[in-house]
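Peer 1: Before I ask anything, here is the structure I am working with.
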Amino acid sequence: MKKWIDRIARRIFTLSGFVTSVVILLIIGFLFSEAAGLFRQPIVEEGYVLALNKENDVDRLSAEQIKQLFDEDITNWKELGGKDMPVKVFRLEDLDHLYTEEELGAEYEHAGEKIAEQVRQTPGIIAFVPKVLVEGERDIHLVPDHTIPIKDVLLGTEWYPTATPSPIFGILPLLSGTLWVSFFAILIALPFGLAISIYLAEVAPPAVSKVLKPVIELLNGIPSVVYGFFGLAVIVPLLQQTFNLPVGESGLAGSLVLALMALPTIITVSEDAMRNCPRTMREASLALGATHWQTIYKVVVPYSVSGITSGVVLGIGRAVGETMAVLMVTGNAAVIPTSILEPLRTIPATIAAELGEAPAGGAHYQSLFLLGVILFFITLIINSCVEIVSARNKTKR
Amino acid sequence: MNKIEAKNVDFYYGTFHALKGINITIPNNEVVAFIGPSGCGKSTFLRLFNRMNDLIPGARLTGQVLIDGQDIYEKGVDVDVLRRGVGMVFQRPNPFPKSIFENVAYGLRVNGIKDKDFIRQRVEEALTSAALWNEVKDKLKESAYALSGGQQQRLCIARAMAVQPSVLLMDEPASALDPISTAKIEELICELSSQTTIVIVTHSMQQAARVSNKTAFFYLGEMVEYGETKKIFTNPEKEATQNYITGRFG
């Protein structure tokens, strides 16, 4: 009987462990396969083509060039290495201004001809039109489409996921926004967290730490949206006033909120680590004539350094992955930040804000998955760093 | 010349009366052993000499503890300065998470000594006096945790000796060690006694008999008997002492 229970229990544990691992792997696999789909997407929106005059010999346009053409930032084909002629942008809507409904036909059956006519007439034209309309037309030059290059995504400095005709998915603004905010958050949280945990573990009278520690742990349980709300109501106006900013929503506001959120983790984990420093270690230091403070920074902190590191990394982990609070206070401008007082946008905030408006399976949708993959790698790197640090500390001991 | 003198010492942990009216004089450069069953107060008494019990909340002392004629519990006594002169070795080896060299140099550094050559020289002397120099001289930069337990304990002795204390307190220094390491520590105690006064708490009566000049027997917070080691072990005055050293209890 006992043996049976033993066997069943073992089966259950094995099974649940196995199932969980498989589910996690499946999730990661799904993430990666969706993200990889982005690089199979054409540059120009699916189903559409860019048509040029036959005279025009420009043959390859990047997403950024297309955007500049349609924003009329590029006004002459010379700038793209073509002939010297002015750019004329043509969209499907323009057809309605040039032709009557009768000419186009009730079902748009003549639209293709008319477009081709326009393209043939205007040497500098670039027409963004549905593929089906112009497929059969002769004497026009369709720009051959290609898939989104990896380089343009990973090193791209612009994020315009909804631009037509060709969206731009440069992740650098988001990546730098994330790292920038997290970096400053840790810069703020680390000294405070360390100071408070030293106070709690070493200096505070037991009565004080008995009250203070649960209070700090309580802070961990506050939902992030509440922190965001607090940031929006207090920190943002405060920053706007102190630094005389046009808008208070900035990277610094995000960093402050994140620091506030990371503090409880850093404090509780590193305080525990310091309390675990053996009493005899402390006594050995004091017995040599070291002062309390010397004992703390020469013995207690070095002894608990791996615990402190893991506290800090858990804090960073929270900062990097935090979505809601950051979304609320950073202003969400997808530009590469040059100072911490500018609005910026982080990866998780982007995913949360844009996933609702991205059609499933489209390039935008897949690009958000790619952001997820990148976030995954960031946390993976951070976690590996901890492993390495603590492993090194263990061999030292 | 008396190094340490305790007069009517009573000590309490909160309401627990741990030491009861103890009087003792410890002469300069001698080895004195405290023996007695667990919980008899011998470690507590030892830790009064460098005010280690100050760290325990609710601890209270009446009476006087004098080192070199100075009451160490008087107001205005600098505890850090006191502890510089009274080294301590603990029950378990407790090296710092630092290199071998830095462990020994620690006491010098925290006392504000910056002269590198002086520190190096002092570290070598301390390690030599702890009979460890030859074993570690090629790996001073390595972590102290790479050493064996016995080596770690000798490192802790070297660490205490580096600041040249006039008193060395040892709280069961060999209880966590194997017989060979224990023998080395005992040898060391005999050698160090020429430089410093040593007070050692030990569970092992053989050890007390081997290393000490004088022995004090503690029982239930009182010092039952104190005298020449030879006399305590061969011809004790009190019956309790007799019973303890013959192994009838404890």
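Peer 1: Go through (1) more than 12 Å from chain A (Cβ to nearest Cβ); (2) closer than 19 Å to B:E5 by Cβ; (3) crowded, with 16+ Cβ neighbours inside 10 Å and name the single condition B:N53 misses.
Peer 2: (1)
Peer 1: Starting from residues that are in a loop (DSSP other than H, G, I, E, B) and over 18 Å from B:T44 (Cα atoms), keep the ones in the range B:175-209 and report whichever is farthest from the other protein chains (Cβ to nearest Cβ).
Peer 2: Among those residues, the one meeting the criterion is B:S194.
Peer 1: OK, next. Which pairs have Cβ atoms under 6 Å, sit 6 or more apart or on different chains, and link a residue in the range A:214-225 that is under 13 Å from A:L258 (Cα atoms) to one that is in a helix (DSSP H, G or I)?
Peer 2: Close Cβ pairs (under 6 Å, with a partner that is in a helix (DSSP H, G or I)) amount to A:L219/A:P264; A:N220/A:P264; A:S224/A:M324; A:S224/A:A325; A:V225/A:M324.
Peer 1: Which condition number does A:P302 fail, the rest of (1) part of a helix (DSSP H, G or I); (2) more than 14 Å from chain B (Cβ to nearest Cβ); (3) free of Cβ contacts under 8 Å to residues at least 24 places away in the same chain being met?
Peer 2: (2) is the only condition that A:P302 fails.
Peer 1: For the range B:67-78, how many residues are open to solvent by 70 Å² or more (accessible area, probe 1.4 Å) and either in contact (Cβ under 8 Å) with a residue 40 or more places away in the chain or in a helix (DSSP H, G or I) (or both)?
Peer 2: Selection size over the range B:67-78: 1.
Peer 1: Here's a check for you: in the range A:345-397, which residue that is surrounded by 15 or more Cβ atoms within 10 Å (Cβ to Cβ) and among the charged types (D, E, K, R) is nearest to A:G317 (Cα to Cα)?
Peer 2: Of everything passing the filter in the range A:345-397, A:R345 is nearest to A:G317 (Cα to Cα).
Peer 1: Something else about it: Looking at the range A:103-121 only, could you name the residues that are part of a loop (DSSP other than H, G, I, E, B) and surrounded by fewer than 16 Cβ atoms within 10 Å (Cβ to Cβ)?
Peer 2: Matches in the range A:103-121: A:G105, A:A106, A:E107, A:Y108, A:E109.
Peer 1: Same structure again: If I ask for residues that are within 8 Å of chain B (Cβ to nearest Cβ), assigned to a helix (DSSP H, G or I) and of a type in the set (A, V, I, L, M, F, W, C), which ones from the range A:270-296 would you list?
Peer 2: A:M281, A:A284, A:L286, A:A287, listed by residue number.
Peer 1: Shifting gears a bit: Got at least one residue in the range A:16-33 being surrounded by 15 or more Cβ atoms within 10 Å (Cβ to Cβ), part of a helix (DSSP H, G or I) and under 29 Å from the mean Cα position of the chain (by Cα)?
Peer 2: For the range A:16-33, residues surrounded by 15 or more Cβ atoms within 10 Å (Cβ to Cβ), part of a helix (DSSP H, G or I) and under 29 Å from the mean Cα position of the chain (by Cα): present.
Peer 1: Would you mention how many residues in the range A:92-102 are in contact with a helix residue (DSSP H, G or I) (Cβ under 9 Å, 6 or more places away or on another chain) and either in a helix (DSSP H, G or I) or open to solvent by 80 Å² or more (accessible area, probe 1.4 Å) (or both)?
Peer 2: Selection size over the range A:92-102: 4.
Peer 1: Ok, one more. Being out of contact with any Phe, Trp or Tyr (no Cβ under 7 Å at 6 or more places or on another chain) and within 11 Å of chain A (Cβ to nearest Cβ), is that true of even one residue in the range B:56-75?
Peer 2: yes
Conditions (1) open to solvent by 10 Å² or more (accessible area, probe 1.4 Å); (2) farther than 30 Å from B:Q164 by Cα; (3) in contact with a Cys (Cβ under 9 Å, 6 or more places away or on another chain); (4) of a type in the set (V, I, T), marked per residue:
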{"position": "A:I222", "(1), (2), (3), (4)": "yes, yes, no, yes"}
{"position": "A:V226", "(1), (2), (3), (4)": "yes, yes, no, yes"}
{"position": "A:L245", "(1), (2), (3), (4)": "yes, yes, no, no"}
{"position": "A:A259", "(1), (2), (3), (4)": "no, yes, no, no"}
{"position": "A:C277", "(1), (2), (3), (4)": "no, no, no, no"}
{"position": "A:I296", "(1), (2), (3), (4)": "no, no, no, yes"}
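Peer 1: For the range A:148-188: of the residues being outside the structural domain of A:A262 (by TED's automatic domain parsing), touching a Leu at 6+ places or on another chain (Cβ under 9 Å) and of a type in the set (S, T, N, Q), which is least open to solvent (accessible area, probe 1.4 Å)?
Peer 2: A:S166
Peer 1: Another question, if that's okay. Run A:V58 past the list (1) surrounded by 15 or more Cβ atoms within 10 Å (Cβ to Cβ); (2) in a helix (DSSP H, G or I); (3) touching a Leu at 6+ places or on another chain (Cβ under 9 Å) and report the number of the one that doesn't hold.
Peer 2: Failing condition for A:V58: (2).
Peer 1: Further question on the same structure: When the residues of the range B:103-131 are filtered to those that are free of Cβ contacts under 8 Å to residues at least 24 places away in the same chain and within 12 Å of chain A (Cβ to nearest Cβ), which remaining residue is most open to solvent (accessible area, probe 1.4 Å)?
Peer 2: B:R109
Let's see how each residue does on (1) in contact (Cβ under 8 Å) with a residue 12 or more places away in the chain; (2) β-branched (V, I, T); (3) part of a helix (DSSP H, G or I):
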residue: A:S306; (1), (2), (3): yes, no, yes
residue: A:V312; (1), (2), (3): yes, yes, yes
residue: A:G317; (1), (2), (3): yes, no, yes
residue: A:V326; (1), (2), (3): yes, yes, yes
residue: A:I351; (1), (2), (3): yes, yes, yes
residue: A:F377; (1), (2), (3): no, no, yes
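Peer 1: So B:T62 ticks every box in (1) surrounded by 14 or more Cβ atoms within 10 Å (Cβ to Cβ); (2) among the hydroxyl-bearing types (S, T, Y); (3) within 29 Å of A:H292 (Cα to Cα) but one. Which box is left unticked?
Peer 2: (1)
Peer 1: List the residue pairs whose Cβ atoms are under 8 Å apart, where the first residue sits in the range B:141-152 and is within 11 Å of chain A (Cβ to nearest Cβ), the second is surrounded by 16 or more Cβ atoms within 10 Å (Cβ to Cβ) and assigned to a loop (DSSP other than H, G, I, E, B), and the two are 6 or more positions apart or on different chains.
Peer 2: Correct list of pairs: B:S143/B:P97; B:S143/B:K98; B:A144/B:P95; B:A144/B:F96; B:A144/B:P97; B:A144/B:K98; B:Y145/B:P95; B:Y145/B:P97.
The values are calculated or read from the model by the stated rules, or taken from the named source; none is laboratory data. The structure displayed is predicted, hence computed values, not measured ones. With ideal geometry, Cβ positions are generated from the backbone for all residues, glycine too; neighbour counts draw on all protein chains shown. The accessibility values were calculated without ligands, DNA or RNA, using every heavy atom of the protein model including side chains. Shrake-Rupley method; radii C 1.70, N 1.55, O 1.52, S 1.80 Å.
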